[in-house]
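The values are calculated or read from the model by the stated rules, or taken from the named source; none is laboratory data. Not measured: the values here are computed from a predicted model. No Cβ is skipped: glycine too gets one built from the backbone with ideal geometry, and neighbour counts run over all protein chains shown. The protein model used for the area step is the full one, side chains on, heavy atoms only, and it has no ligands, DNA or RNA in it. Shrake-Rupley method; radii C 1.70, N 1.55, O 1.52, S 1.80 Å.
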Amino acid sequence: MQNISNTMHKNPKLRLAALLTAPILWLVVAYLGALATLLVTAFFTIDSFTGNVLQIFNLGNFQDMLTDVAYKNVVLRTLGIAISVTIICTILAIPMAFYMAKIAKPRSRKILVALILTPLWASYLVKIYAWRTMLEPGNGVLEWLLGPIGFKSPGFGGPAIVIGLSYLWLPYMILPIYAGLERLPNNLLDASGDLGAHNWHTFRRVVLPLIFPSLVAGSMFTFSLSLGDYITATIIGGKLQMLGNVVYQNFSINLPFAATIATIPVTIMAIYLWMVRRTGALANL
Amino acid sequence: MQKKRLFSQIAVASVAALILAGCSSSNDAASSSGVPDVPMMESLGAGEGQVNLVAWAGYVENGSTDPNVDWVTGFEEETGCKVNVKNGATSDDMVALMKTGEYDVVSASGDASLRLIYGGDVAPVNTDLIANYADIFDNLKLQQWNSVDGVSYGVPHGRGANLLAYRTDIVNPAPTSWGTVFDANSPYKGKITAYDSPIYIADAALYLMATQPDLGIEYPYALDQKQFDAAVELLKTQKPLIGEYWGDYLKHVASIKSGGTVLGTTWQVNINLAKGEGTKVEGIKPSEGSTGWSDTWMISSKAKNPNCAYMWINHIASPEANAGVAEWFGEAPSNAKSCDLTADKNHCATFHAADDAYWEDVYYWNTPTEACLDGRTDAKCVPYAEWVKAWSSLRNS
C-alpha cells in the first residue's frame with residue numbers, strides 16, 4: 001500500500017492515467033464508438049431478401065432519405081414538435097421558477113423543488129399511459145372532466161404528443177431556470193424598479209438577459225429529448241410518427257437505413273449546439 | 001498540447017479498432033442452392049436447464065395470463081428446461097431477434113421463415129428426434145415456407161386467418177367485406193385500425209384481387225410494379241380513416257375495449273382477450289377471403305440450448321400442448337390428434353382444421369421476391385425490401 005502510494009506520488013503522469021483511464025475508455029468506446037459505428041453503418045446496405053447487412057459502401061440510403069418526401073415531412077414534423085414543446089415548457093417554467101426563487105418563502109421553496117422533482121420518480125411509461133387514458137377521445141378523463149364546458153379531446157396525434165412531451169420534460173426546464181433566478185441578486189430587481197421600470201420592462205430588460213443561459217440549458221434538454229423520443233408517439237401519437245419511430249420501424253428490417261435516419265437528429269443537435277455556442281450561452285452554464 | 005494530442009490519438013485508434021471489429025464479423029458462407037450450410041442435430045442429449053424462445057403472443061402461456069391456460073409449467077417440471085419467452089410484434093421483429101443469436105427457438109410465420117433459412121439464422125430440423133412430428137397433418141409438412149429441397153427446417157405449429165374485427169355494439173350493420181376498412185365515406189372514420197407491418201400491403205392486394213380483376217392479381221404476395229402501386233395507393237386513401245395502426249397487441253386490445261378502435265384487421269387471440277374483459281367484439285373472415293399465417297417452430301443455427309430446444313418443439317407439437325395453443329390463440333392445430341383433446345369438442349370444426357376448402361381463400365404470409373411467387377415468368381415482382389420502403393414511406397408521409 002505504502003509502495004503504491006509512493007509510486008503514485010512520484011509519478012504525476014501515472015496518477016493522471018489511473019484517474020482518467022476509466023472515464024476516457026467509457027467516453028471513447030461506449031460513446032464515440034457507438035456514434036462512429038452508427039455513422040459507418042449508414043453507408044452499408046442490406047441483402048434485399050434475408051435482410052442481412054452487407055458491408056458494401058454506398059450512398060443509396062441517403063439518396064432514399066433525401067428523395068422521398070415522406071422523410072422530409074417527418075423531419076419537419078419532429079422539429080415542429082420539439083420546438084413547440086420547448087416553447088410551451090419555457091412559457092410554463094418561467095413564472096413557476098420565478099415564484100419559487102423570488103416570491104416563495106425559503107421553507108416552501110424546498111417543498112416546491114421536491115414537488116417538481118417527484119414526477120421524475122415515476123416511470124416514463126406509466127406517465128404516458130396515464131395521458132392515454134386522459135386524452136382518450138369520447139370517454140377519456142379530460143373529456144369527462146371538461147366536456148360540460150365544451151372541451152373536446154384533441155385525440156391521439158400531434159397535439160397529444162406535444163402535451164405529453166411538455167408534461168414529461170417540464171422539470172428539466174424549471175430546474176435550470178430556477179437555479180439561474182436564484183443566482184440573480186434581488187437588488188437588481190429593486191434597482192430596476194427604483195429607476196422607474198415596470199414589472200414587464202424589468203423582466204424583459206433585466207431578468208431575461210441574465211437567465212438566458214439557463215433558458216438555453218433548459219431548452220437543450222427539452223429540445224433534444226423531444227427530438228429523439230418515439231415512445232410517446234407510439235402510445236399517444238395515433239398514426240403519427242416522429243423521427244425516432246422511423247428508426248424504430250426500420251432498425252429490425254433495414255439497419256443501415258435506420259442508421260441513416262438516425263444521423264438526422266445528430267446533425268440537428270450539432271447545428272443547435274453550434275448556434276448556442278455562438279450566443280456564448282454555453283460559457284455561462 | 002502534447003497530452004491533448006495523445007488523447008485524441010488514443011480516441012481515433014480506439015474508434016478505428018471498433019469499426020474494424022464490426023466489419024470483420026460477417027458470415028456469408030453459402031452452399032450451391034443459396035442456402036447457407038448449417039449442420040443438423042444428430043442425436044439428443046441432456047437438457048441445458050433453459051430454453052429461450054421468440055414467439056407470437058399467446059403461443060407460450062405459463063398461466064400468468066390466465067391460470068387455466070398453461071402448457072409451460074408441466075414442460076419445465078418434466079424436462080428441467082426453464083422457458084424464457086420474448087414476444088415478437090411482427091415477423092420483422094422476429095427476424096431481427098433471431099439474428100442476435102440470443103434465442104434458441106422461434107415460431108416463424110411464412111414471411112419470416114424463408115428469410116431465416118436463407119439468412120443462415122435457423123438450422124435444419126432432424127424430425128426423427130421429434131416423436132410428435134409423425135402426427136402433424138401431412139399437408140402442412142415440407143411446404144414451401146418450412147423446407148428447402150425436401151429438408152425440413154421446422155415443425156408446423158398451426159394456421160389461421162387474419163380476421164376483420166368489429167365492435168358488435170357499435171358497428172351496424174355487421175361487416176361482410178374488407179371494403180368497410182377501405183371505404184372513404186366510412187362512418188367509423190378515425191376508429192379503424194390496420195396492422196403496422198409492410199406485410200399489410202398484401203391485405204390491400206387481396207381486396208384489389210376481388211374488386212379490381214383488371215389488375216390481374218393472382219396471389220397477394222406476387223405483385224408486379226403496377227399491381228403493387230395500386231395496392232399502396234389504396235392504403236394511402238385508407239390512411240385518413242385509420243385512428244391507430246397496431247403492432248403491440250396489448251395496446252390494440254385496450255383500444256378495442258375502450259372503443260378507440262371499432263373496426264379493422266386482427267387476430268382471433270385479440271378478440272378472445274377483449275371478450276374476456278367483457279367487450280362486445282366479433283371477428284369474421286370476409287367474403288374476399290383473408291391473409292393468414294401458417295407458423296413453424298424453428299431452431300436457431302446459433303442455439304446455445306439445442307437439446308432443450310428440441311424438447312420444447314416436441315412438447316409444443318404434442319397433441320395436448322398443440323390443442324391448448326390452438327384453442328387459446330384461436331387457430332387450427334397442426335397435430336391431427338389435437339382435435340380429440342380440445343375443451344370445446346367442436347374446436348377443430350370451428351377452425352376448419354381438416355377442411356381444405358376453407359383454406360383455399362386464405363393466403364398465408366409469405367416473403368415476396370423478385371421472382372414472382374405465383375409462377376409468372378413474364379413479369380418482375382416487387383421484392384420485400386421494396387415493400388418495407390413503401391410501408392415506411394406511407395407511415396411517415
TODO: Might you check whether a residue that is under 16 Å from B:S294 (Cα atoms) and either assigned to a loop (DSSP other than H, G, I, E, B) or not acidic (D, E) (or both) occurs anywhere in segment B:96-107?
DONE: yes
- [ ] Read through the list (1) modelled with pLDDT of 95 or more; (2) on the phi > 0 side of the Ramachandran plot, then give the number of the only condition that B:D104 fails.
- [x] (2)
Open item on the list: Suppose we filter segment B:251-290 for residues that are part of a helix (DSSP H, G or I), open to solvent by 20 Å² or more (accessible area, probe 1.4 Å) and in contact (Cβ under 8 Å) with a residue 12 or more places away in the chain; how many remain?
Closed with: 5
Task: Top-ranked residue of segment A:250-277 - restricted to ones that are in a helix (DSSP H, G or I) and small (G, A, S), ranked as nearest to the other protein chains (Cβ to nearest Cβ) - done: A:A258
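If only one of B:A131, B:A96, B:A123 is over 20 Å from B:N322 (Cβ atoms), over 16 Å from the mean Cα position of the chain (by Cα) and hydrophobic (A, V, I, L, M, F, W, C), which one is it? Lay out the reasoning, then the answer.
Details: B:A131 fails: over 20 Å from B:N322 (Cβ atoms); B:A96 fails: over 16 Å from the mean Cα position of the chain (by Cα).
Going through B:A131, B:A96, B:A123 in turn, the sole match is B:A123.
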Open item on the list: Out of everything in segment B:329-345 that is surrounded by fewer than 21 Cβ atoms within 10 Å (Cβ to Cβ) and in contact (Cβ under 8 Å) with a residue 60 or more places away in the chain, what residue ends up being nearest to B:Y221 (Cα to Cα)?
Closed with: B:A336
Open item on the list: Quick check on B:T90: is it of a type in the set (S, T, Y), within 28 Å of B:A385 (Cα to Cα) and open to solvent by 20 Å² or more (accessible area, probe 1.4 Å)?
Closed with: no
Open item on the list: Just checking, does segment B:361-382 include any residue being touching a helix residue (DSSP H, G or I) at 6+ places or on another chain (Cβ under 9 Å), away from chain A (no Cβ under 14 Å), more than 18 Å from B:K141 (Cα to Cα) and crowded, with 19+ Cβ neighbours inside 10 Å?
Closed with: no
Task: Evaluation of A:G140 against (1) open to solvent by 20 Å² or more (accessible area, probe 1.4 Å); (2) without any contact (Cβ under 8 Å) to a residue 60 or more places away in the chain (one fails), failing number - done: (1)
Open item on the list: Looking only at residues that are open to solvent by 10 Å² or more (accessible area, probe 1.4 Å) and touching a strand residue (DSSP E or B) at 6+ places or on another chain (Cβ under 8 Å) in segment B:96-113, which one is nearest to A:P256 (Cα to Cα)?
Closed with: B:L97
Open item on the list: I want to confirm something. Restricting to segment B:148-196 and keeping residues that are open to solvent by 40 Å² or more (accessible area, probe 1.4 Å) and not in a loop (DSSP other than H, G, I, E, B), which single residue is farthest from B:N272 (Cα to Cα)?
Closed with: B:V151
